[in-house]
Each structure stands twice: as C-alpha cells, then as structure tokens.
1. Applying the selection to region 298-323, what residues are out of contact with any Leu (no Cβ under 8 Å at 6 or more places or on another chain) and not in a loop (DSSP other than H, G, I, E, B)?
2. Given (1) touching a helix residue (DSSP H, G or I) at 6+ places or on another chain (Cβ under 9 Å); (2) surrounded by fewer than 23 Cβ atoms within 10 Å (Cβ to Cβ), where does P204 come up short, assuming only one miss?
3. How many residues, within region 561-590, are at pLDDT 75 or above and either under 14 Å from the mean Cα position of the chain (by Cα) or in a strand (DSSP E or B) (or both)?
4. Inside region 632-691, counting only strands (runs of 3 or more DSSP E) that do not spill past its ends, which hold 2 or more residues that are surrounded by fewer than 14 Cβ atoms within 10 Å (Cβ to Cβ)?
5. Give region 99-115 a look and list any residue that's surrounded by fewer than 15 Cβ atoms within 10 Å (Cβ to Cβ) and over 16 Å from V141 (Cα atoms), or say none.
6. Taking region 289-308 on its own, how many of its residues are touching a residue at least 24 places away in the same chain (Cβ under 8 Å) and more than 24 Å from the chain's Cα centre (by Cα)?
7. Go through (1) open to solvent by less than 20 Å² (accessible area, probe 1.4 Å); (2) more than 24 Å from L160 (Cβ to Cβ); (3) in a loop (DSSP other than H, G, I, E, B) and name the single condition A351 misses.
8. Please go through (1) closer than 30 Å to E349 by Cβ; (2) aliphatic (A, V, I, L, M); (3) open to solvent by less than 10 Å² (accessible area, probe 1.4 Å) for L126 and return the number of the only condition it doesn't satisfy.
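The values are calculated or read from the model by the stated rules, or taken from the named source; none is laboratory data. Quick caveat, the model's predicted, so the values are computed rather than measured. No Cβ is skipped: glycine too gets one built from the backbone with ideal geometry, and neighbour counts run over all protein chains shown. Quick note on the areas: whole protein, heavy atoms, side chains included, nothing else; ligands and nucleic acids left out. Shrake-Rupley method; radii C 1.70, N 1.55, O 1.52, S 1.80 Å.
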Amino acid sequence: MKQVVQNYKSGELALLDVPAPGCKPGGVLVRSAFSLISTGTELMKVSEAGMSMLGKARSRPDQVAKVVQSVATNGVPATYRKVMGKLDSYTPLGYSLCGVVEQVGAGIDDVKVGDLVACAGNEHALHAELNWVPKNLYVPVPDGVAPRHAAFGTVGSIALQGVRQGESRLGEVALVIGLGLIGQLVTQLLNASGVRVVGVDPDPARCELAERLGAAACGDPGSAGVESAVAELTGGMGVDQVYLAAGGSSNQPVELAARLCRDRGRVIDIGKCRLDLPWNAYYEKELDVRFSRSYGPGRYDPEYELQGRDYPVGYVRWTERRNLACFLDLIARGGVDVEPLVSHVAGFEDAVETYRRLEEGELKAVAVLFRYATAEDAPAAEAPEVTVPQVRRRPGRSAPVRRSGPVRLAFVGAGNYASSMLLPHLTGRDGVELATVVTTTALSAANAQRKFGFGKATTDLDAVLGDPAVDAVFVVTRHSSHAELTRRALLAGKAVFVEKPLALTEEELASVLAAVEESGNDRVQVGFNRRFAPLLRKARELFGARTGPASLRYLVNAGRLEHGSWYLRQDTEGSRFAGEGGHFVDTASWLLDADPVSVYAAAPAGNEDLQIVLGYPDGSTATISYVTSGPSSFPKETLDLVADGKVLRLDDFTRAAVYDGRRRQSVGSRLPKARDKGQNAELAAFVKALRTGGPMPVPLESLAATTTATLAVRTALASGVPVTLAGAR
C-alpha cells in the first residue's frame, strides 16, 4: 500500500510503498476514503523538517532538552547515533480520516465490514491507503454525513474540546484569534452554542469566511474595528473568553487576549502560539488561562487509546471518542457546516505535490482533503441486491370472520395518532365495537376508555391476545414494537391493523411473514392510507389506464421535528424515513400499479433530506424527495404523475387536477378545507374485510414489497449505487 512519509533530517516528502498493516485484536482495519491535511499542525512539521539542524533545535527546545539529558546519561557518541538514527527515518503524517471498515479484529462488535467510520490519531489515522485503528479512536459515521465531511472528525474534536474547556454559556461573547481550520470550527461551534463571536486574522478571506459562517464581526488584529466590535457587543466590558487558535512566534495573540478580555475572563490555548504572558495584564484582570489537550480526555493515555479501556461516563462525560461522535452528530444535524472550509481536494497520488504547493504558498487553503481510490476508479462492482421476501401460506387457523354482530376491536396503544386519526372514525361506526384498549400505563388506558367508549381498559396485552371475543388488534405503538406485536397477534389468530411501519429491519419483516406461514393467518393491514384518499382515487380514475412508462415526482415537505421527539431516537426507533417512508412508496406503487424493482438514494450532507428513485418493471420511475429543511408555509405533499401525454397533479390532498392535451379536469375545491388523507376509507375497507371474510384491502405481498423497498433506502445510501430488489413482482 502507499503512505505519505517524511524524512525529518532531509525534509524529503515521499509517497512510499509500505507493507499493509495487519488487523490486530481490539481494532479494525480501515481503507481510507478521504483524509484531511491539518494545514496548521502538519505544515508546521513539514516546515521544521526543511530547516537546518540549528533551526530544528531552535524550533524544538523540548527535544534539545532531551538530547542534553541523554548526553549526560549515555555520552555524546551514543546520543549522536541515537539522534541521527531517529532523524534519518521516515515518519508518518496525518491524523484525521474517514474510511470503510475492511476487517474487524477480535473483541470488536460495534461495527462490521463495510461500515463507514471516522478515525483519529497521529499513529492510526494516517495519510495511507490502509490503517489499523483501535476501538476508542474510531466512530461510525451517521447516516447522511458525506465521507469527505466525516474526515474532519478529528480536527473537529480538537475544536470541540477547546470550546468545552472554555465553558461557554448562552449569551456570552468570545474572541477567536486565528481563523485557520481550527479557528473556523471553533467559531461555528460557539455560534451553535449561542455565543457571539468576534474573529481575528490578518487574512481578509478568512475573516469573510468566518462572518459568512456565523461570526458577528472579524478583522485584522491591528485594526480598530475588532476593538470597536468587542466594545459594542459587550457594552465595553470585554469578551468572556478568548480562544487562541493561532500559531507562530509572535506574542501578539496573548497580548491582544489580555487587552480585550473582561475581568476574570477565560483564555483558552488550542493552537501552538507563543505564550509569554504579560504578567501585569493577566494578574490585574485575574485571567483564567486554560489549555485544551488535543481531542479530549483519553489523549496520550495508552490504556485508553491502545487497549480500549473507556472512562466511565459518570466521571468523564466527554472523552476523545465521545467528542468525535458528537462532532459528527453536529454535522449530521446541520449544527456545523464543513463544506465551505474545503479549499481543495487532491488525489492521493498527488500528495507530495500538494504539500509542496501548500508550503510554498502557491495553494492557499483552509482545509485540504486527499481523495483515495473510489468505486469509480476500481472495476465496476455488482449492484447490491436485496431480496423481497415471499409470502408463504399454508393451511391452518386463520382470523375469525364476524358474520353477525359487531366486529370487536382491541387497540394496543392510544397515543396522539390513534386518538386523532383512527379512533374518531371508529367511534359510533355501525358494526364496530371498541372492545378493549391496552396501554403501558393504567391512567392512559382509563383516559382512552372514557374518551372513546372502550368496553375494557387494561395494561395486560396477553389477556387481550387470549380473548376469543376480540376479532382484530390495532397496533398503534412506537415503531420499534410494531413487528413483534404484529407477530404475536397473528399467532394468536387475530386480524391485525398495524400503523406504519410494519418493520424496521429485514429481520423483523421476516419474523412477521414467518408468523403468517406458521399460523396460516395472513389478515394484516398496514396503515398506508394515502391510496384510500378520495381525492387521489378520483384523480386516478380521471387519468385512466396507462399504455407507456410513467414518471412520478413526489415531494414530501416533512419539516423539522421538535426537540425531544421520539422520532429522533434512531438507535431504537429507526430512521425517520424508515418510520414513515412506506406511505410514499406505497402511494407511488399504487399509482403505477406495480411493486418497485430497484431503489437508489442520495442525501445532501448536513441535513436529513433524501432523494429516492424507485424503478418499476415497465420502466416507470418514481422520485420521492423527502425534505426536512423546507419552510412550514409550503404544502406538505405534492405529487405529479406524467404518462401518455397526460399529467395528474395532487396538491396536498386539498385539490387535484388531470391535464390531457388542452383539457384540464379539476378535482376538489379551490377553497381551503380539511385534508382527507384516506384514514376513514381505509378503516371502512378493513372493517368490511373482517365482516365478509374477503381479501384484505392491500395484498400482503404488496405490503412486504413496500416495506423492503423502504428499508433498502438505507442500503442504497451506504453503497451509493442502485439496489436491486430481487423477487419483486
């Protein structure tokens, strides 16, 4: 494999062929996708290597002290040989990258081969095609974060640790001295924390960039504008904290910090700048000087970094690994935007030339990335394939048919959706009896019983499943429980109405279908209500039959979730699209009268927006734009279906139209009215199937295909290529 190395004696930089590392226990072998050049730390090392021996000694007095001690202990000849041998060796560069796990060592269970991870460490996240990385120095990359952005993880952790050392508080004002890569990130992190920032840098382009990314004001360290901005923002008191993110030999940063900091303010050193503190200035203001040690607690501790021994969270909340994960989460949620910091992306094969251009000033950059060989550069790989599970039925017990008397329904869960969108359509409906409501708390069950007239209220699910008088069970709980509750109800011989999603994983879907095969009971309906919406059904009728392939566009303006929403608990409740995306896949498939045979997905970095393209057997395509960053004033769902010279247009279930040549046929009123998304008609169809013993409103095969396609979005995002749905009808 190839790796960037430098000879510290001669200053030579090389892209060297070296043996690939092995995969040791306690870590993973990672193939690099992008690695980040730290334009501060690394260029300082490169510059030092090009100095004379005297220059090297002057720049590293700490190392000179070690040499002097060695001479006293071992003598001049032995020390000389030791020093020359160390200098005349290749040393690695790099410490921040993103890559794909190629091999998993013994004792690792949090990632698997093929996972995307961000890696840290100047011995483990090197500019090299392969790196072995111990457990506490990598974290999985969240869904939606681009690999080139995840490569910022380590440098972002350095900035984040500095901000933590500053103990910033909402409403404070901070001064960031040095607007290079670390300073730009510190500025964004402070801005995200509710701290107003004044930036200082002699480079006008960096000042402009920082202001564009949230700084209140920026300027040259010698300009009056910086001092006036601080005075205006603080009422003349001075800033609450100063972050030293500059390098070099000038003592100007620490002098400026003392001048602009308030009484008893905090000065945090993140970079490597000269620190000849002016005693009187720091003493009179009693300034609190703090140092930020690299990525956070755990750094330089071999038991933490090499042996994987974590610090208890109750004692050390933010270790270097937790800082790394936190920074990637901020990127995923849009709290930090690293894309504007990327000045240049170079192929890894051009690494030496890139360093030369940076050192000589030919390439002026805040952040530079190395891009490694990608899938496009390698031989074409086979597209991922996901099998749509087949529904197998065998004779056995099935759900009862209530041919006389009311259909008796039990609800498992009575939260907001059940109470607002389902139960109002069932309460008082002829031929329906709300028999039992089951919730996890006694009071919520009693409230639902009182409000909707259930015959019984209980917290005992087993009693309901074992009650022969109950014909059907509605599963209206949190997403993570849907598949298991559906499986149990089917095995108990009940018909099941389960709110979307049917399952959050392929394994959960397989367990539901296994219950169908075991019990012979296939009476399942998933709450895909859009296909039952009267407006959409009327528009489809007006559109008529198709003769050629269609193009469908479905824009879902989902909006942002409120803080604390359980939808955000992706570790237990799945992704947001996995939870509700089946609605839109089902609607598209119903309009196109087929199940999808391929899925492609892409996600812009920094938010949860998704672009999904479904392919169908006749060549039709459906594009679902699922966006969370749109304004709430825009309609939530708009849809266009184009085929055979005709267009079907749906506007948020309030009106629709079909265009055929010059003719336009409208459906619905132009006046605002309540949106009917089909819940009432869906429930009527479900109850009818229970009473008559007829087929369920949506075939189980279609439900399985829709669920598989929805889950395949995750696979498509990870692979970057279309996923084939094998076995689709």
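1. P302, E303, Y304, R322
2. With (1) touching a helix residue (DSSP H, G or I) at 6+ places or on another chain (Cβ under 9 Å); (2) surrounded by fewer than 23 Cβ atoms within 10 Å (Cβ to Cβ) applied to P204, the lone miss is (1).
3. The total comes to 4.
4. 663-667
5. Hits for region 99-115 are A106, G107.
6. So the count comes out to 11.
7. Condition not satisfied by A351: (3).
8. Every listed condition holds for L126 apart from (3).
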